[in-house]
Each structure stands twice: as C-alpha cells, then as structure tokens.
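Notes follow the structure.
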Amino acid sequence: MDYTLILATALGAISLYLMLPRGRAALVKLGALIGVLALGAGLLGWFHWTAQEQAVHYPGPPAIFFYIFAAIALASAAGVVCHPRPLYAALYFVLLTLAAAALFLLLRAEFIAVVLIIIYAGAILVTYVFVIMLASPGGEIPAADYDRISADPLAAVLVSFLLLGTILQMMSYGQAALAHGPGAVPAAGPAGFGGMGMLGANLYSHYALPLELAGVLLTVSLVGAVMIARKNEPPVRMLDSGEIPAE
Amino acid sequence: MYPSWTPHEAAIIFSALIPAFPLGAAIVLALLGAKWFKKSSHVPAIIGVSLSFFIALKLLLMFQFGQLAAPNATYIQSDLWTWIGAGGFKASVGIFLDPLSCLFAAFVTGISLLIFIYSSGYMEGDYGYFRFFAYMSLFVFFMTTLVLANNFLLVYLGWEGVGLASYLLIGYYYPRPAARDAATKAFITNRVGDTCFAIAVLMIYLTFHSLKFSHVFYGSLQSPAFRAAHRTVLFWIPLLLMFGAFAKSAQFPLHVWLPDAMEGPTPVSALIHAATMVTAGVYLIARCLPLFLHDLPVLHLVGLIGCFTAFMAATIAMCQYDMKRIWAYSTISQLGYMFLGLGVATGTGAVFHVFTHAFFKALLFLATGSVMHAMGGELDIRKMSGLRKKMPITAICILMGCLALSGFPGWSGFFSKDDILSAAMNSTWRFGPWLAVVGLLTALITAYYTFRVFFRVFTGELILPATAGQHESSPFFPPGDLPGGEHAVNHGRPAAGDAAKDRHAPAKKPRSLDGAPAMWLPLIVLAIGATFAGYLGVFGSHAPGGWIGGFLGRVPLNGTIRYVPTPPAGLPQPVGGHVNPILIMIIGAALAVLGVLIAAYFHRINRQAAAKVAVVLRPLVHFLENKWYIDELYHYTLVRPLRFSGYILSLMDRFIVDGLVFVIGFIPQLAGFTIKPTESGRLRYYGIGMVAGVAVVLLGVLYLLR
Amino acid sequence: MSNPVLYRYLALGAALFAVGLVGFLTRRNMIMIFLSTEIMFQGIAINLIAFSCYHQNAAGQSFVIFLLTIAAAEASLALGLVVMLFRRRETLNVDAWSDMQG
C-alpha cells in the first residue's frame, strides 16, 4: 500500500472527526479543508497508478471521470454523516446517489445506474424526507440537540478508519491473486454487457427463485411497515417504579 | 403356574421375591400410608413379610429334603440382572442360596413376622404408625437382600441399608434429643465398620477380579500358589471384614452405639438390635470363613475380642437398672459368644447361637416392651416388683426367655452356648481353652444378671411405679396442638390427665396388664421357640450338632462351616482337642444353676443383702455402672481432641481459607467493576466494539499474510 | 499493482463503507442512523458492480438488484418503526430508548 493512501486515510479520518457535528462551525471548516487535502492525497496516490494504467491499456473511459465522481461521492457521504440537519443530509445523500450512478455508468451498468436513481433518489430518499418532515419536533430552527452533538466521534472514527486502512492493505495484497483472474483486463466485452437484456436473462435464469422471494419480502415488509406505523394502537403506559396498576 | 421351571429356577425366582414383598410394602406405605392406611398400616407390612416368610420356609424345606441341588453341588446361585456395568467391572443383582442363607432368611422373616404382629398392638395409635411399618418393611427388605446376595457389593448394599433402617428407627421418636443423638451415634460408629468393609470389598475385587461368592470362595483361593502370592492381601481382607462385622454386631470397641440404640421403640430393639441386624456381622464372617481360615491369627483375634466383649458386656449388665439396657448389654455379650464361636471356627455353633438367640432375645425385648407398655414407659427395675401377679402371661414368657438366655439346662441357649464352648475347648489354638473358661465364667454372670431382672421385677411384693397404667408419653403432638397444651393427648388412648383421674377413681381397675392379644400371642410363640429351638441342635440328624449341624454341614464352603471344620490340605486344623462335650455341658449347666441361685438369694429371698454387697464392692459397682468408662474414654480420647482440632480448623477455615476465597472472589469482582462501563446497554458501544474486533482480526490476518 | 482499475473502485467502496460506519456509530438521530446504513449499502453496491465489470459477468449486477430490494424493505420497515417510536416519546434520539440497558 502506498504511503499516499495511508496519508489520505489518516487525513480523511481527521477531517471526518473534525466535521462531525459538535456545535462549532470553525472546526467544520477546518475539517472540510483537511478533507480536501485527503481527497487530494488520494488523488495523488491514484495518479501514481495511472501510469501503470496506461501501461495495461485500459480501454474504458478516461480515469479522470472516476476521480471526479469518486470525490463527489466521498464528499457527499461526508456531508450526509456530518450535517446536523437531517433534511440537508438527505439531500447530500441524493448527491451521493447520483455520483454512484455515474460511477455505475463508467462500469457499464447502465440499468443499475438508472434503477439506483429511480429507487434510491426517487423512492427511498423521498420516504426519508417524508419521515424527516413528519417526525421532526416542532420549531426546527435550531437543530435538535441529538443532531447537533454527535456521540463518541473519536472512538467511532478511529475504529472505522482502522478498519478501512486494514481493508485497503488487504486489497493491495489481494491484487496479486486477482491479476490472473478470468477477466484481468475489462475488455470491450460481449455485446450488450451491462444492458437490461443481459441482466434480465441472468436474473430470470440463475436467480428466479431469489427474485420472487425478494418480491415477497418487499410485500411483507410493506405490510409490516403499515402495521407498525398504524396510528390507532393503544398507548403503552409506563409504570413508575413500585407502582402497581389497579385493575 | 410355572410348568417349565426346574426347581432350581423356581427357587431362584421365588427367593428373589423374599426381599421384594417387604420392599413393596415399604413403598406402598411410604406412598399411601399417611393418607390411605393410617391406622391399618400394619396390614400391608404384615402381608408382605408373611409372604416372604412362607417362601423362605418353603426354600428351607426344599433344601432340607434335597429337592434343590444336585448331590455334588449344595448351593445354587444365579444373577438376576446386571446392576452396575462399567468397563470391565460388573456387579449384578443375584441370589445365592445355600443352607446358611436359607436359614438366615427364614428366621429373619419369621421373627420379623412375629414382631410386626406384636408392633401392631404395641405401636397402636402412635403418631408415626405408617412410618414405623414402612421403616420396618424397609429393614426386612435390606436384611433379606444382605443374606440372599450372591456377591459382596450386594451384601454391602444390604449392609448399608440395614444401617439406614436402624438409623431411621432409632431416631423414630425424633422430637426427643436423646433419640436423635443415639441415631447419630449408631450411624457414625457403624461408619467406621462400613468403611472397613468397603475397603475389604475393593480389595477383594482387586485380588479376585470378581465379587461373587462362588468365584471368590471356590476359585483361585483353593490354589496354594495363589494364596502364597497374595499372603498380605489375604491377611488384610479378613481383618477389615472383621472390623466391619464388629461395628455392625456391636463388639468392643465399637459396641457403644447399641445400648444407646434402645432409644428406639421396643419392637425395633427386639428386631433390629437383638434378633437380626446385629447378627449380620456373624453372618458375614460365617459366610467368609474360607477367607478367615487362610489366616488363623485374624480368626483368633475375632475369637479373642468376642470373648472379651462377652465378658465385659455381661459384667456391665450386672449393674444396670434400665431393663432394656440390660438386654442391650446382654445382646452384646451374646454376640461376643457368637464371635467366640467363629474364632474357634465353629460356624455351625455360632449360627446355631444366632438362631436360638433370635428367639429368646426377641422374646425378652418384647416382654420388656409389654412391661414398659403397662408401666407407662418406666423401665427402672428398682421401681417395680412382683409384676407376675399383674401380667401372668408376660411373666411366664419372660421366664422362658430368661431360662434360655441364662443357659439353663434344657432350654435353647444351653445347647447353642455349649456348642460354642466345647468347640473352644477343643480348639487347636493354644488359648482356645482359656477362652472357653472365660466363656463359662461369663455364663455364670449371664445367669446371674438375667435372673436378677426376673426376680426383681416379677417376683416379691407388688410394687408399681407411679406411671403404671398410663400410656407411655409420646414425643409427638398431633398437628395443630401445641406441646403441653390442653390437647396434648396420647392419640387414641386416655390422656395422662385422664389416667391420673382414673387412678383416683376406684372403679375401672385393669384386669390384666398383658395388653392386647396381638402383643401376647407373639410372646407365646417366641417362648415356645426359645424353649425348644435348642433341640434342633441335638436331634434331627445323625450328624453331630443335630438338625442344625447336619443342615449347615452341607454348606459347601469347602467344608469350613462344618461342625468339625476341615480346611484345605496344608493349613493348620483349627479343631483337634479331645475334651468330651458332655463334660462342658455339665459344667455349663452347673454354672447356670449356680447363677440362678445366686440371683434368687440376692433378689428374691434377701434383697437387703444385695444392697450390703453393693456397698462393700462400691468401686467395682461404680466401674460397672459406668460401663467400664468406655464412653468417657471415647469422650477424652476422641471427642475432645476432635472437637479441639475442629476448633483449630474452623479458625483456619475462617481466616485462611475464607480469606483466600475472598481474594479469589475479589478478582472477578474487580474485573467486573473495571469492564462494567462497557456493558452500558447502548448498541453504539457494542457496534464500536464489534468494528474494532473485526479490524483487529483483519490486522492479525494481515500480519500472517506478510 | 496489476489491476489498478478494479482496485480503485474497491477502495472507493471501502471508503464509503467506512464513512457510513462513522455515521452509524456517531449519529444519535434514528433517521440519520438508517441513512448512514444506506451509505454503507452504496459502498457495497459499488464493490459488486466493480466485480461484475471485472468478471464481465451479470451476477454482480443481479446482486445489486437484491441489495436494492433489501434496502427498500429495510427503509420501509425502519421508517415505520421510527414513526412509531417518535409517536411514543416525541423524540428521535436513539438514547431515549435505552430502557433495556443493564
């Protein structure tokens, strides 16, 4: 693993730690700055490999697109995690979804990219926003305490980025094994790769039953959600300590 | 009913039913007694034991008429099922039938039957009526198991079982502290012997690789090479068996529990602590005589201790005042005689004495129970006199018992005692004749103390204790009544207060104090047995020793239990003298008559003389009244040091062991205190921990990949 | 570094996963916790798509379809739960629901 990636990981951790909501704007800006530095370090690292990329004559779209959308995705993910207002966080998430869809397009997964936008940005995020609107306490002008002050940022950032660093290191070890895989270099590939037809054929030939089960699961979860969120359930009375309910 | 069974198979199956019936009765009583049977609890117990008795009698007759075994095999044995199977070790529940076990089974169940019938009258209205009969049935189950078992482990089960039954029945009146203490004392004393017995059983298994009698006695033991190779073990096994037998049969120095065991109900004393259980030790040694004959010094030790115990207990019995205690010491003394007999290798004589002793000692105890019943629990022979006018049947029966016990010519004890003494006189052992002399002296003492009781209590002017006519005060109180309250009555009988009123009222004079027929009928049967059982050892067979000698002579223990034992070639012959048994008989008879006459002079004709002699012999009387100070000896050599060491150990326990435990307990407490904050119940921290764990594991894998 | 193309996609996925994990562990708003899990889902999805392209195989894309299904089901149930819990306590603070802690 390259030292630039270690640096990028460490900088990312610091920036995320600083940006996590703590009720102080100055730190957020400093964190954002360091985050930019982290992205830059990562970019440097990846530029370092670009030379090698040229050597293997990767036939896909230019790498610069990946870097742009990856930076957008990471920045918007940081925005989701760090923004003290859930609504803005949800909007950052939409941005993340769009960046991810763009990345999918780079990987020739056109259908998935479209579905991602439709389902995530269109359906799931709308639900989130809806619930955020529904379940926010009144007022809302200053964000609620539990949104403005995050819990245990240091420990969480440390363990998460320790895990990230370890994973990155492992992947660099795994490179050697992958090199001799069946499609070591993504070529132009069979006609229609990534298209809807190919995916449909694959789903309905190999994964027919899981697909149906997924549909059932979706239905069941919908019914369950309706049952859970029903308004007319009896309120649960919480007993004080030592109180005995009179029947 | 059993068309395809051979007599052999039928005998095995039926003899397996002998313990089964009392066990069934015990279970039925334990489950249903309190709710269902209540005052008729004696019915299942008596049915069970009488069925057992008839089967045992039938077996005895089958053996007598040779219907069971082939001519060259005089025992039969069979495994019923496997009891314990662990690896190479196997112990089974099985039956061993030979004349010895048949005789024991028959007289145990027979005496039990009579005592059960007696108990149904004696214990009537008692609070724990069903419990009493359940325990008694349990005892009969274990005792018959003991005598019918075909291996040492099953004998050990029966051995422990009769100990348990004895413990339960001594402590039957458990509200009484004395009864509880006596039960504990009996149990702990027996523990010593039981441990020795258990070690002996283990050693037998390690030596012979089997626990079956047929294998141990008739297998490799017969080969001289085997005996030479296991000389040490073959010394220790009989020695340990001897200690086991001595604890159960109350021989010096483990005899101290038996007099205290009289705290139990009188039928218990009669059945367990006189007639049957205490003879289990005699049975064990008689059964294992082949083992003992290979090491005569151990056998001689048995005789020596038996002789000493007989003498010691007889002297103690001279100066006791509690009737039951006198009979208890008398039992110890008579058991000493039996071991004396075993010590000079006359298994027949010893078993014969067990047989006759069972009759007359059960009779004496039951008659004493009748006296106790009539006198309201009073047993001090100084407080009563001339009872024969009030209790004629009891008086005649107890006279028969006394004659038998004292060895009066013509009564049963005379013949069996004579058998033992003449065998001792004829022993090849140098000290055998000396033991016989001590035995004869003991016979004199026995005759004296026996008739001391009889003349004191049943003859002379009529004196009744203050409690006469009342029911013995019960330690139990019916549920719901407070002790000492107005209703603390004696369950179905007139309360103490009523009886006191009755005595002031001139009417309602009791006609006879003999008690219910259920009480005096068994007395008569036992009196007949006590009188005539001895003739079984004289007539009935051409062999020396009469029917008993001929019957037991067939016990196939390599001829060792024979009237004149012949051990295997190459071993010293235990019997070889030439003193005429008739001479011993005459001397014994003369001494018994002399003892009776002395007793008659001091306790019938001139009671003041007895008091004068007692004053002259003050130190000796004190010594005997205090039972040779053996309890005190135990107190100062065992109880005190143990209590002191217990105190020291408790200090150690409190400060060292407890301290250590506290420190050890403090470590997890400290650890828990340290990591307690992590168990906050907040999923967030668990999540952080989980992620950290995954990261650490991956780092480890990474390190390994390098 | 024989295949940097796959590697950089996988690294991006891992980075998104880590950022989502930080959010999951630090946010106290129940909605935000679920939103953070959605970020982690995105990281996983990028992983799967990258492998799909690398192996020239549609299985990875099919898995993303399932992933989206699960995400949709999870979102619907989770948000239903959030609504219900909000009604009980009038707050979205997840620490308000720590009655069962030891």
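Per-structure values
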{"quantity": "Residues that are open to solvent by 20 Å² or more (accessible area, probe 1.4 Å) and in a helix (DSSP H, G or I), drawn from region B:297-322", "calculated": "B:297, B:300, B:301, B:304, B:305, B:308, B:311, B:318"}
{"quantity": "Residues being within 7 Å of another protein chain (Cβ to nearest Cβ) and in contact (Cβ under 8 Å) with a residue 40 or more places away in the chain - total across region C:22-43", "calculated": "3"}
{"quantity": "Criterion: open to solvent by less than 10 Å² (accessible area, probe 1.4 Å) and at pLDDT 90 or above - qualifying residue of B:136, B:123", "calculated": "B:136"}
{"quantity": "Qualifying residue in region B:608-618 (condition: closer than 30 Å to residue B:455 by Cα and in contact (Cβ under 8 Å) with a residue 24 or more places away in the chain)", "calculated": "no"}
{"quantity": "Number of positions in region B:89-107 that are among the polar types (S, T, N, Q) and outside any helix (DSSP H, G or I)", "calculated": "1"}
{"quantity": "Unique match (being surrounded by 11 or more Cβ atoms within 10 Å (Cβ to Cβ) and within 14 Å of another protein chain (Cβ to nearest Cβ)) among B:675, B:688, B:630", "calculated": "B:688"}
{"quantity": "Check on residue B:207, of a type in the set (S, T, N, Q) and touching a His at 6+ places or on another chain (Cβ under 7 Å)", "calculated": "yes"}
{"quantity": "Search result, residues across region B:425-438 that are in contact (Cβ under 8 Å) with a residue 24 or more places away in the chain and either among the aliphatic types (A, V, I, L, M) or in contact with a helix residue (DSSP H, G or I) (Cβ under 8 Å, 6 or more places away or on another chain) (or both)", "calculated": "B:425, B:426, B:427, B:429, B:431, B:432, B:433, B:435, B:436, B:438"}
{"quantity": "Residue B:331 closer than 29 Å to residue B:623 by Cβ, hydroxyl-bearing (Ser, Thr, Tyr) and over 11 Å from the mean Cα position of the chain (by Cα)", "calculated": "no"}
{"quantity": "Selection count where residues are in contact with a Ser or Thr (Cβ under 9 Å, 6 or more places away or on another chain) and either open to solvent by 30 Å² or more (accessible area, probe 1.4 Å) or modelled with pLDDT under 85 (or both), scope region A:1-20", "calculated": "3"}
{"quantity": "Candidate set: region B:24-48, residues that are aliphatic (A, V, I, L, M) and open to solvent by 50 Å² or more (accessible area, probe 1.4 Å); chosen: the one nearest to residue B:157 (Cα to Cα)", "calculated": "B:27"}
{"quantity": "Residue list for region C:82-102, filter: surrounded by fewer than 15 Cβ atoms within 10 Å (Cβ to Cβ), within 14 Å of chain B (Cβ to nearest Cβ) and without any contact (Cβ under 8 Å) to a residue 12 or more places away in the chain", "calculated": "C:98, C:99, C:100, C:101, C:102"}
{"quantity": "Residues located in region B:186-201, provided they are more than 15 Å from the chain's Cα centre (by Cα) and open to solvent by less than 60 Å² (accessible area, probe 1.4 Å)", "calculated": "B:196, B:197, B:198, B:200, B:201"}
{"quantity": "Residue within region C:47-64 that is within 14 Å of chain B (Cβ to nearest Cβ) and within 30 Å of residue A:133 (Cβ to Cβ) present", "calculated": "no"}
{"quantity": "Candidates B:137, B:120, filtered to the one that is in contact with a Pro (Cβ under 7 Å, 6 or more places away or on another chain) and either part of a loop (DSSP other than H, G, I, E, B) or farther than 22 Å from residue B:200 by Cβ (or both)", "calculated": "B:137"}
{"quantity": "Residues located in region B:236-265, provided they are within 14 Å of the chain's Cα centre (by Cα) and in a helix (DSSP H, G or I)", "calculated": "B:244, B:245, B:246, B:247, B:248, B:257, B:258, B:259, B:260, B:261, B:262"}
{"quantity": "Tabulated pairs, region A:146-159, first within 7 Å of chain C (Cβ to nearest Cβ), second of a type in the set (Ser, Thr, Tyr) and open to solvent by less than 20 Å² (accessible area, probe 1.4 Å), C-beta under 8 angstrom, 6+ apart or interchain", "calculated": "A:150/C:26; A:151/C:26; A:152/C:26; A:153/C:26; A:156/C:26; A:157/C:26"}
{"quantity": "Selection from region C:7-21 of residues that are open to solvent by 10 Å² or more (accessible area, probe 1.4 Å) and either more than 7 Å from chain A (Cβ to nearest Cβ) or in contact with a Lys or Arg (Cβ under 9 Å, 6 or more places away or on another chain) (or both)", "calculated": "C:17"}
{"quantity": "Qualifying residue in region B:178-185 (condition: among the hydroxyl-bearing types (Ser, Thr, Tyr) and either within 27 Å of residue B:22 (Cα to Cα) or open to solvent by 40 Å² or more (accessible area, probe 1.4 Å) (or both))", "calculated": "yes"}
{"quantity": "Selected residue [surrounded by fewer than 20 Cβ atoms within 10 Å (Cβ to Cβ) and under 28 Å from the mean Cα position of the chain (by Cα)] from B:396, B:420, B:381", "calculated": "B:396"}
{"quantity": "Test: residue B:325 is outside any loop (DSSP other than H, G, I, E, B), closer than 22 Å to residue B:265 by Cα and of a type in the set (D, E, K, R)", "calculated": "yes"}
{"quantity": "Only one of B:639, B:613, B:621, B:661 that is part of a helix (DSSP H, G or I), farther than 30 Å from residue B:318 by Cα and either open to solvent by less than 90 Å² (accessible area, probe 1.4 Å) or not small (Gly, Ala, Ser) (or both)", "calculated": "B:661"}
{"quantity": "Subset of region C:54-81 that is without any contact (Cβ under 8 Å) to a residue 12 or more places away in the chain and farther than 28 Å from residue A:225 by Cα - its residue that is least open to solvent (accessible area, probe 1.4 Å)", "calculated": "C:58"}
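This table checks each residue for (1) touching a residue at least 12 places away in the same chain (Cβ under 8 Å); (2) in a helix (DSSP H, G or I); (3) touching a Leu at 6+ places or on another chain (Cβ under 8 Å).
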| position | (1), (2), (3) |
| --- | --- |
| B:399 | yes, yes, no |
| B:414 | yes, yes, no |
| B:423 | yes, yes, no |
| B:440 | yes, yes, yes |
| B:447 | yes, yes, yes |
| B:460 | yes, no, no |
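The values are calculated or read from the model by the stated rules, or taken from the named source; none is laboratory data. Only a predicted model underlies this, so the values are computations on that prediction, with no experimental measurement involved. Note that we place each Cβ from the backbone using ideal geometry, even for glycine, and neighbour counts take in every protein chain shown. All accessible areas refer to the heavy atoms of the entire protein, side chains included, with ligands and DNA or RNA removed. Shrake-Rupley method; radii C 1.70, N 1.55, O 1.52, S 1.80 Å.
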